[in-house]
Amino acid sequence: MQTKIIFENVGGRTIDFFTAIYEAWQLVIDSIKALPHIWFYRRQVTEQIYVFLVKTLPIAAVISIFVGLGAMIQGTYQSSALIPRTYVINVIFKSTIIELCPIILSLILAGKLGASLAAELGSMKISEQVEALETMSLDPVGFLIMPRILAGMIMLPIIIIFANFLAMFSVFFIASIATDWISPKEFLSGMQMNYRAFEFYFGNLIKPAVNGFFIALVGSYFGMRTHGGALGVGRAATNAVVVSAILIVFFDYYLARLLL
């Protein structure tokens with residue numbers, strides 16, 4: 001009897017897992033189908049761009065500055081007299097723009113934006129506002145989901161570019177101006193050493209766009225599946241943060257392995 005219950009639970013969880021994947025990708029397909037009507041939903045797209053960009057820039061600015069400073073402290077601590085300082089700056093530069101800023105900020109924004117999206121859409125779902133859109137002949141996916149996914153894929157790269165600039169400027173200010181640890185000429189030489197343009201595109205455009213896609217998609221998916229009143233809204237927000245964080249670190253590894 002106990003074995004039967006275990007197998008039933010495992011089978012039910014497996015079915016739920018593949019059902020969730022199917023439903024999530026159905027949202028993606030429906031969002032792509034809604035793209036030709038983007039001008040009709042331009043107000044919703046503009047609102048989501050504001051949410052994704054303007055409301056997150058202060059958080060991104062503070063975090064990116066200290067990410068850069070933390071990378072500089074670790075780099076200088078691990079360096080020695082045998083390692084030229086330009087090599088240390090090169091390691092700090094590449095690790096910051098390729099990995100540290102994109103992954104740390106994406107995880108933090110998954111907590112902020114993912115939970116916010118799930119809670120907002122979950123509240124609309126349990127208050128039957130989503131059904132009200134259908135009665136007005138409006139596509140809920142085009143009205144609610146597509147603008148969020150589009151804003152996430154466009155705005156997160158802009159946030160990461162801004163964050164990487166602030167991170168490296170903070171490193172430059174402390175290392176070359178405030179402490180005179182390295183000259184500005186050596187600092188720039190370290191940044192240019194073994195430079196590959198694709199690394200810039202990968203850390204500033206490709207990876208943030210993928211992470212923004214997952215943050216918006218997962219938050220929207222759990223929001224649209226919300227049930228059970230206020231408790232269900234809290235559960236949807238929590239699930240959105242956890243799942244999007246897992247997807248971000250999972251694809252962070254596989255994107256790097258595939259493209260770098």
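Things to note:
- Extending 7 Å from the Cα toward the beta-carbon at both Asp30 and Gln74 defines two label points whose distance is 4.1 nm.
- Inter-label distance, Ala230 to Ile246: 2.8 nm, where each label sits 7 Å from its Cα along the C-beta direction.
- Length-normalised contact order for region 1-110 - Cα pairs under 8 Å, 6+ apart - percent: 22
- Charge dipole of the chain (Cα centre as origin; +1 on each Lys and Arg Cβ, -1 on each Asp and Glu Cβ, all else neutral): 360 debye, rounded to the nearest 20.
- Against the main long axis of the alpha-carbon atoms of the chain, helix 42-53 sits at an angle near 40°.
- Listed peptides 82-92, 237-247 appear in the order 237-247, 82-92 once ranked by packing, highest mean of other Cβ atoms within 10 Å at the front.
- Helix 2-34 axis versus longest C-alpha principal axis of the chain: approximately 80°, rounded to the nearest ten.
- Based on DSSP H segments of at least four residues, each scored -39500 (n - 2.57), the chain has a per-residue ellipticity at 222 nm of -25000 deg cm²/dmol.
- Hits among lysines - C-alpha to C-alpha of Lys185 under 22 Å, sequence gap 8 or more where chains match: Lys94
- Nearest 10 degrees, 0 to 90: helix 57-78 Cα axis against the chain principal axis: 40
- Relative packing of peptides 162-173, 28-39, 119-130 - highest average C-beta neighbours within 10 Å first: 162-173, 119-130, 28-39
- Whichever aspartates and glutamates have a C-alpha closer than 16 Å to that of Lys112, once near sequence neighbours (fewer than 8 apart) are set aside: Glu120
- Here the relative contact order of region 2-259, from alpha carbon pairs under 8 Å that lie six or more residues apart, stands at 32 percent.
- Euclidean distance of C-alpha centroids, region 3-52 and region 124-198, integer Å: 23
- Sorting 95-102, 55-62 by average packing, meaning the other beta carbons within 10 Å per residue, from highest down gives 95-102, 55-62.
Each value in this text was obtained by applying a stated rule to the coordinates, not by laboratory testing. Only a predicted model underlies this, so the values are computations on that prediction, with no experimental measurement involved. Cβ coordinates were reconstructed from backbone atoms using ideal geometry, including for glycine residues, and neighbour counts include every protein chain displayed.
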